[in-house]
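To start, the structure under review is shown below, and the notes come after it.
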Amino acid sequence: MAGIITVDGHFGELLQGVVGGRVVLTSLPCPALKVSLDFKRAAALNLSFVAEPVLSQADFTELANRSDFDPVGRHAFCLDMPAGGGAGASTATRVAVLKQHCPDLSSNEIARICLDCEGAVDPLMFDGAEKMLWASRDAEIVEARASLPQGRVIGGFYGAPIRTDSQDAEFADISDLLPLWRMADTLQDIAHISTESAQRNFALRGTGEDPIFDLAQTHGAMGVVIAHTGSARGLIFDPAAEVDAEALRDHLSAQDFQRLVDFRFGGSARTGE
C-alpha cells in the first residue's frame, strides 16, 4: 500500500518534572511541526530524509522487528522540526512508519513499541496530548484534565539540539504544580504553570543563559513554554491580544532563534499565519 502519512510534532512541554519518582510531562502539540512519510512499495529498503535523518537503518529494522512488518520499500520522510529540538522528531517518525505499515495498532500499542525502541516517548500517537499528564519513561497516561483554554505561541529553536537521554531523570520536583494544573481554567493559569516549570528546570539543569524569560517581559507575553530537553522556546499570548508578530519574529531572529513558529493551541486550535 502506498500513500502519505502525516504526524504532528509538539513544541516542548507545558509541564515536566518528577512526581513520586516518575518523570511526567504535558506536551504541547504543534500543528506547525510535522513529519510526513511518502511510502512506495519496492524490492529493497530505502530511507531518505528531507532535513537531518532521525532514524538509522538499524533503528528502522528494530522498529520493523518489534512490530512484525515487512520493511522493504521506499520511505521518503519530510521533517519540519530539527532532531533534538524537543519537538518529537524521532517519535513522530516512528509513529508515521507504524501508521503506514500497521494501521490496526491502537495508540497504546504504538506508544509501547516506540518506548521499547527509544526508552522515552512523547504522546504524539494520541489526540489531545495537551490534556494528558504523561509518564514518558513508561508510556502511560497518568491522568487527564479538561481541554485547555485557547492560546497562541510564537517562538523557535534556540541553541544547540539536545537529544533526550532515557536514563536522565534529573528534573525538578513538580508535585506542588499538579493541583494547580488540574484546576487551571484560564490561559493565565496555564502560562504561569508552564513558566514555573521552565524556570525550575533551568535552575536545576544548569542550561546557562537563555533569553526566553527576558523576551517574555519585553513583548508582554503571559508566559513561556520550553522543551525541557531540547531547544524549542516560545512565548505564550492571548490569541485575542494585539501582538506585533513581525517585530517579535525580527527580535527572535536577531537573538539567533531558528525555524520560527506561530501557532494556536486549545479549543479549536489552528496554525498561525
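In table form, for the structure just shown:
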read-out: Residue within region 173-187 that is surrounded by 15 or more Cβ atoms within 10 Å (Cβ to Cβ), at pLDDT 95 or above and under 15 Å from the mean Cα position of the chain (by Cα) present; value: no
read-out: Output for region 145-188, where each listed residue is assigned to a helix (DSSP H, G or I), out of contact with any helix residue (DSSP H, G or I) (no Cβ under 7 Å at 6 or more places or on another chain), under 22 Å from residue 263 (Cβ atoms) and not polar (S, T, N, Q); value: 187
read-out: Test: residue in region 104-112 that is modelled with pLDDT of 95 or more, outside any strand (DSSP E or B), of a type in the set (A, V, I, L, M) and open to solvent by less than 40 Å² (accessible area, probe 1.4 Å); value: yes
read-out: Hits in region 146-159 - residues which are more than 17 Å from the chain's Cα centre (by Cα) and surrounded by 17 or more Cβ atoms within 10 Å (Cβ to Cβ); value: 149
read-out: Test: residue in region 219-229 that is of a type in the set (S, T, N, Q) and under 25 Å from residue 149 (Cβ atoms); value: no
read-out: Every residue from region 44-89 that is under 12 Å from residue 9 (Cα atoms), touching a helix residue (DSSP H, G or I) at 6+ places or on another chain (Cβ under 7 Å) and at pLDDT 95 or above; value: 79
read-out: Subset of region 124-141 [small (Gly, Ala, Ser) and over 16 Å from residue 169 (Cα atoms)]; value: 128, 129
read-out: Which listed residue, of 121, 142, is closer than 21 Å to residue 229 by Cβ, more than 15 Å from the chain's Cα centre (by Cα) and outside any helix (DSSP H, G or I); value: 142
read-out: Strands (runs of 3 or more DSSP E) lying entirely in region 11-95 (those with 3 or more residues that are open to solvent by less than 30 Å² (accessible area, probe 1.4 Å) and closer than 30 Å to residue 188 by Cβ); value: 22-40
read-out: The one condition in (1) touching a residue at least 60 places away in the same chain (Cβ under 8 Å); (2) buried (at least 17 other Cβ atoms within 10 Å of the Cβ) that residue 6 fails to fulfil; value: (2)
read-out: Index of the failed condition, residue 116 passing every other in (1) farther than 15 Å from residue 27 by Cβ; (2) surrounded by 24 or more Cβ atoms within 10 Å (Cβ to Cβ); value: (2)
read-out: From the options 136, 166, residue that is hydroxyl-bearing (Ser, Thr, Tyr), farther than 23 Å from residue 38 by Cβ and open to solvent by less than 30 Å² (accessible area, probe 1.4 Å); value: 136
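The values are calculated or read from the model by the stated rules, or taken from the named source; none is laboratory data. Note that this is a predicted model, so its numbers are computed, not measured. We place every Cβ from the backbone using ideal geometry, glycine too, and count neighbours over all the protein chains shown. Accessible surface areas use protein heavy atoms only, side chains included; no ligands, DNA or RNA. Shrake-Rupley method; radii C 1.70, N 1.55, O 1.52, S 1.80 Å.
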